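Before I ask anything, let me first share the structure, which is written out below as structure tokens.
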Amino acid sequence: MSRQPTPEEIEEIRGIPLYQPSLAQGYFPVLEKPVIAEGFPENWMTPALAAALDSGDAEFVLSTGTNHARMQIIRPPYFLLHSYYRLWSEHPDIAETWEAGCPRVSLTTVMATEHVARVNARKRGGEPAATPALDDRRLDARTVYLNLSLDPALWDRAEVGRMIEEIRSVQASHPSGRYHLDCSTSHLAHLVRKAADWGLWADFPRPASIIHAYEYTPATVRRFLRARFDCPIVDLFGSTELGYLYYSDAEGAYHPYLDRMSVELLETVPDSGLYSLIVTSLRNPYMPLIRYRSGDVVRTLDGGPDPARISRFTGREKELLPTPHGPLSQGDLDEAVAAAAPGVFQHQLRLYEGERAELAYTTFTGEPLDGAAERVLAEAAGSLTGRPCRAAHRDHIPIGRSGKYAWLAAHS
């Protein structure tokens, strides 16, 4: 049974043009992204929103977009950052590092760095430098961005040395020499591996806490980082338009963080145990979302639809792969890979004509798996996909234009 908005929620959205048909019929269907985009922004425009846009209390932005089209939205300035800071300040395992005033170093996509550099240059009335200095990559008094290249697998020794030195300078700015590391886990794993390979790991300042909140983290990468950092490592789940909805504790279990929000789970296919995330949120006052399909899929501890029992965020709904056994998500394949071959760093399922598939993979050591281990990996992928599958070691799996990795790719 669908969750319909409460009377209080209806009062919040009564004047918004988008919701007038639903208000008239007394039923709110699932809100899809194309419906939001159609007629935007007039379909959201109210006198209050127009005044907020004029005053600067609201702004137009684009959703981050991973491997799909980006969506234009309206939100308060720094909406996602404020959501992040609030969660950091209240998280039971890492609130202490917020209270201690730890500076935040962010290691994520180069697009995020470029955005900060553009904003800072605009404030000065100029254009960003081709290679922005550290101060040009400062988001606010607390946060600086490190990455200057699209593909972290291609960082050279000089680039790795620069980032480590920049972390050291940030660390030195804190009275107790502590800092908080915000990252894409794939970027951090690349940095750790390269620092170790080039004898720089001893110079890598250890953070007081780590948050990753930018993309799906493979289980093997999570294990790799937990083995190398003796501090809480927390995952945040959210989006540009929603803020953060769930956080993990230091042991990896997820907890809801649903201030002015509610969640329902709709099964993608009957009896699959794989659920679409449907969110009602009043947190963004300029685009309150009623029964919004976020595009994410999840699994729960018991296979049921209770959003308080989410155990894994397993990827994007648009990327589900139809198989004879039902839809396959990124997280389902990842779980099988991690069980079959713990030494795999990154992997990508490549589909070919004739229902063939290849699981391209890299390893943490850079060496291929032995023949027996590679066969086990191929069999695990083949069993899940229902396709003949081979496992193939690669020296490099290119990152996407978004600065994030695609787990699924079609090849001719």
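The values are calculated or read from the model by the stated rules, or taken from the named source; none is laboratory data. Just so it is clear, the model here is predicted, and its values are computed rather than measured. As a convention, Cβ positions derive from the backbone with ideal geometry for all residues, glycine included, and neighbour counts pool all protein chains shown.
Kindly check whether there is at least one residue in segment 276-291 that is modelled with pLDDT of 95 or more, aromatic (Phe, Trp, Tyr), assigned to a strand (DSSP E or B) and surrounded by 16 or more Cβ atoms within 10 Å (Cβ to Cβ).
Checked against the condition, which is being modelled with pLDDT of 95 or more, aromatic (Phe, Trp, Tyr), assigned to a strand (DSSP E or B) and surrounded by 16 or more Cβ atoms within 10 Å (Cβ to Cβ), segment 276-291 yields no hits at all.
Please state which one of Leu245, Leu266, Leu289, Leu274 is within 16 Å of the chain's Cα centre (by Cα), within 27 Å of Gly304 (Cα to Cα) and of a type outside the set (D, E, K, R).
Answer to the check: Leu245.
Table: residues versus (1) modelled with pLDDT under 95; (2) in contact with a Ser or Thr (Cβ under 6 Å, 6 or more places away or on another chain); (3) closer than 12 Å to Pro288 by Cβ.
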position: Ser2; (1), (2), (3): yes, no, no
position: Tyr27; (1), (2), (3): no, no, no
position: Leu31; (1), (2), (3): no, no, yes
position: Glu38; (1), (2), (3): yes, no, no
position: Glu42; (1), (2), (3): no, no, no
position: Thr46; (1), (2), (3): no, no, yes
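Something else: Mind checking whether some residue in segment 63-84 is among the hydroxyl-bearing types (Ser, Thr, Tyr) and in contact with an Asp or Glu (Cβ under 7 Å, 6 or more places away or on another chain)?
Yes.
Here is a follow-up. I'd like the full set of residues that are of a type in the set (Lys, Arg) and more than 18 Å from Ser149 (Cβ to Cβ), limited to segment 394-412.
Once the filter is applied, which keeps residues that are of a type in the set (Lys, Arg) and more than 18 Å from Ser149 (Cβ to Cβ), segment 394-412 yields only Arg394.
So, one more: Is segment 243-255 home to any residue that is crowded, with 17+ Cβ neighbours inside 10 Å, in a loop (DSSP other than H, G, I, E, B) and in contact (Cβ under 8 Å) with a residue 40 or more places away in the chain?
no
Out of curiosity, is Phe229 surrounded by 15 or more Cβ atoms within 10 Å (Cβ to Cβ), over 17 Å from Ile94 (Cβ atoms) and either free of Cβ contacts under 8 Å to residues at least 60 places away in the same chain or among the basic types (Lys, Arg) (or both)?
Here the answer is no, as Phe229 does not meet what is asked.
Just for segment 21-47: of the residues that are exposed (fewer than 13 other Cβ atoms within 10 Å of the Cβ) and assigned to a helix (DSSP H, G or I), which one is nearest to the chain's Cα centre (by Cα)?
Once the filter is applied, the top-ranked residue is Pro34.
While we're here: If you scan segment 266-275, which residues turn out to be farther than 15 Å from Glu32 by Cα and either of a type outside the set (D, E, K, R) or in a strand (DSSP E or B) (or both)?
Those that are farther than 15 Å from Glu32 by Cα and either of a type outside the set (D, E, K, R) or in a strand (DSSP E or B) (or both): Glu267, Val269, Pro270, Ser272, Gly273, Leu274, Tyr275.
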